[in-house]
Amino acid sequence: MSAIDPEAAGGTQTGAREEQTLPHLGDSLARLETELGNPTRLGLVASLRNRDRAEFKLLRDSLGVSDSVLSRHISTLESAGLVAVRKGYVGKRPRTWVSITAEGRRRLESHVRALRELAGD
């Protein structure tokens with residue numbers, strides 16, 4: 001095997017070996033929430049962050065997904081303890097409201113911090 005000349009490869013020759021370091025990302029990666037890795041679920045939880053609750057249709061329209069897709073994502077988030085679901089009626093029409101839990105708020109904030117660290121912000 002032949003050595004690569006740094007100058008020939010477009011690098012500089014300093015006479016000393018260049019140390020290459022990368023930041024340790026393991027802690028940030030460990031704080032990423034699996035349930036929030038999906039863009040729709042992340043958008044759903046983020047949209048609930050600054051409100052008491054949101055009606056199913058409002059979330060569906062905001063996220064641009066079908067009823068069945070939204071329902072599956074809500075079920076996943078509810079099972080993980082990130083959101084709470086309340087069903088009721090307005091007049092005779094059934095309604096579903098979704099709210100972020102305290103645990104969901106904490107985990108969203110941790111997830112966003114980890115993403116910022118990974119992005120170098």
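Laboratory data are not the source of any read-out in this text; all were calculated from the coordinates shown. This one's a predicted model, so the numbers in the text were calculated from it and none came from an experiment. Here Cβ is always computed from backbone atoms with ideal geometry, including for glycine, and neighbour counts include all displayed protein chains.
The table for this structure:
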read-out	value
Residue match in the range 78-98 (condition: surrounded by 10 or more Cβ atoms within 10 Å (Cβ to Cβ) and part of a helix (DSSP H, G or I))	yes
Total residues in the range 39-77, condition in a helix (DSSP H, G or I) and not aliphatic (A, V, I, L, M)	17
All positions within the range 29-38 that are in contact (Cβ under 8 Å) with a residue 24 or more places away in the chain and assigned to a loop (DSSP other than H, G, I, E, B)	L32, E33, N38
